[in-house]
Amino acid sequence: MGVNSTLVKFHNLSIFLFCALASLSSGQTLREAADGAGVLIGAAVRPSQFGEKQYASILAREFNSVEPEDAMKWRVLRRNRRNYDFRAGDQVVRFARAHRMKIRGHCLVWGRDNPDWLMEGHFTTPQLSRLLHDHISRVMKHYANQVFAWDVVNEALDENGNLRDSIWLNQPGIGFAADATAYIAQVFRWAHKADPHALLFYNEAEGEALNRKSDAIYAVVKDLKKRGVPIDGVGLQMHISSDIDVESVMPAIAANIARLSALGVQVHITELDVSVPVDSRGVARPADLEKQADLYRAVVRACLQNPACTAIQTWGFTDKYSWIRSHSRGTRGAALLFDRDFEPKRSYHALLSELLAGRVPKSFSPLQRSE
Ligand code: XIL
């Protein structure tokens, strides 16, 4: 090992120790720091884990907001065609209320995580349209005054920025396939009618920095605003990898947040995780966990710099329960703030120190519609 890399390691270690000590001595939790900064800090949750003592106590202590990872998706709410099954979603609501946390709802319109009866039911366009309208109305009314913001539409674009083929767009679609974004406009209007107080978000993957996809997201949102569609925000999922170069990517993320906010919408970071390579036992290399912490810090900084970026949410909070291991077929993992034994990682301390340093102008309320 060269002198330089030893020095870099020593430097990184001292930064880590400094941040860890600073956050310990501040005695503050993420939640307290986020309250102070005027931003929401949330986590995606699985109600099946609420009975696990460490899971529940860390969640309530560290976060002021939750989002069901799966419990409000069609697949869970609509196991069969006739009945709505709100049990898992209601558990999330009860937990959040008991701990005075906000709730983001996820998600009303998506081409994935739908039940087989829907995907294989060969419904006609008018039938599908009725099914979707009914779903949006029932679900949003059930959670009115509980869920403050909904991902109304999730991942409508493909990696090239074209509209993604889906049951709602064109297979067979709800009747607007000829006019690109009209089906999105329609469902936002239904959503606004169902719960006029809820903030309505378009949530998307892989469009965080400046690229073809984020250009397309920008164009869609601009078009929706021009059509007078009630859209309040854009969710940037932010499933990122420790391989990306923090120096070059972060200015692009900040610029993307800035151009979206110039359209008059809020931005939420909705599904933040930073995956790292892991061995067959799921163990990551320390150097990758350092890079991971730098990326968490940079994302939070990019968000806090812009008053329109009002929520930061991680996709889970402990590596014990993260979708990344199975999604990457075991090659990546350790993507979150707490390790599998619920110990806070470097990423936790990086995020905390950034929240402690950050301030969002108080004149902006993240919880209310702006009109
Ligand atoms: C994932 C969940 O984490 C998994 O539990 C589930 O099996 C599949 O979906 N983008 C999204 C989320 O918007 O809904 C996805 O969540 C992850 C990618």
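The values are calculated or read from the model by the stated rules, or taken from the named source; none is laboratory data. Remember, predicted model here, so these are calculated numbers, not experimental data. Neighbour counts are summed over all protein chains in view; Cβ atoms, including those assigned to glycine, are modelled from backbone coordinates with ideal geometry. Keep in mind that these areas ignore ligands, DNA and RNA; they rest on the heavy atoms of the full protein, side chains included. Shrake-Rupley method; radii C 1.70, N 1.55, O 1.52, S 1.80 Å.
At-a-glance table
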{"quantity": "Hits in the range 101-131 (condition: open to solvent by less than 70 Å² (accessible area, probe 1.4 Å) and closer than 19 Å to Glu67 by Cα)", "calculated": "Met101, Ile103, Arg104, Gly105, His106, Cys107, Leu108, Val109, Trp110, Asp113, Asn114"}
{"quantity": "Residue count for the range 38-49, restricted to those that are within 15 Å of Ala96 (Cβ to Cβ) and either more than 16 Å from the ligand (Cβ to nearest atom) or surrounded by 22 or more Cβ atoms within 10 Å (Cβ to Cβ) (or both)", "calculated": "6"}
{"quantity": "Matching option when the condition is open to solvent by 10 Å² or more (accessible area, probe 1.4 Å) and under 17 Å from Thr270 (Cβ atoms), among Asp90, Asp70, Asp85", "calculated": "Asp70"}
{"quantity": "Pairs with Cβ under 6 Å, 6+ apart, first in the range 193-208 and more than 19 Å from Ala182 (Cβ to Cβ) and more than 16 Å from the ligand (Cβ to nearest atom), second of a type in the set (Asp, Glu) and not in a strand (DSSP E or B)", "calculated": "Leu199/Asp232"}
{"quantity": "Total residues in the range 209-223, condition farther than 16 Å from Met250 by Cα and more than 16 Å from the ligand (Cβ to nearest atom)", "calculated": "9"}
{"quantity": "Which listed residue, of Ser326, Ser363, is modelled with pLDDT under 95, over 22 Å from Met250 (Cβ atoms) and away from the ligand (no atom under 16 Å from the Cβ)", "calculated": "Ser363"}
{"quantity": "Test for Ile231: is it crowded, with 22+ Cβ neighbours inside 10 Å and either under 18 Å from Thr314 (Cα atoms) or under 16 Å from the mean Cα position of the chain (by Cα) (or both)", "calculated": "no"}
{"quantity": "Val153 vs. criteria in contact (Cβ under 8 Å) with a residue 40 or more places away in the chain and assigned to a strand (DSSP E or B)", "calculated": "yes"}
{"quantity": "Residue within the range 54-67 that is more than 23 Å from Met238 (Cα to Cα) and of a type in the set (S, T, N, Q) present", "calculated": "yes"}
{"quantity": "Residue check for Pro251: open to solvent by 20 Å² or more (accessible area, probe 1.4 Å) and within 18 Å of Leu59 (Cα to Cα)", "calculated": "no"}
{"quantity": "Hey, Arg75 within 15 Å of the ligand (Cβ to nearest atom), among the basic types (Lys, Arg) and assigned to a helix (DSSP H, G or I) or not", "calculated": "yes"}
{"quantity": "Residue within the range 81-98 that is within 16 Å of the ligand (Cβ to nearest atom), part of a loop (DSSP other than H, G, I, E, B) and touching a residue at least 40 places away in the same chain (Cβ under 8 Å) present", "calculated": "no"}
{"quantity": "One residue from Asp158, Asp165, Asp134 being within 15 Å of the ligand (Cβ to nearest atom) and either of a type outside the set (A, V, I, L, M) or open to solvent by 50 Å² or more (accessible area, probe 1.4 Å) (or both)", "calculated": "Asp158"}
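Residue-wise test of (1) part of a strand (DSSP E or B); (2) of a type in the set (S, T, N, Q); (3) closer than 19 Å to Val109 by Cα; (4) in contact with a Phe, Trp or Tyr (Cβ under 6 Å, 6 or more places away or on another chain).
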{"residue": "Phe176", "(1), (2), (3), (4)": "no, no, yes, yes"}
{"residue": "Ala185", "(1), (2), (3), (4)": "no, no, yes, no"}
{"residue": "Leu224", "(1), (2), (3), (4)": "no, no, yes, no"}
{"residue": "Ile231", "(1), (2), (3), (4)": "no, no, yes, yes"}
{"residue": "Ala255", "(1), (2), (3), (4)": "no, no, no, no"}
{"residue": "Glu271", "(1), (2), (3), (4)": "yes, no, yes, yes"}
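Residues checked against (1) of a type in the set (Asp, Glu); (2) buried (at least 21 other Cβ atoms within 10 Å of the Cβ); (3) farther than 20 Å from Val283 by Cα:
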| site | (1), (2), (3) |
| --- | --- |
| Asn306 | no, no, yes |
| Gln313 | no, yes, yes |
| Ser326 | no, no, no |
| Thr331 | no, no, no |
| Glu343 | yes, no, no |
| His349 | no, yes, no |
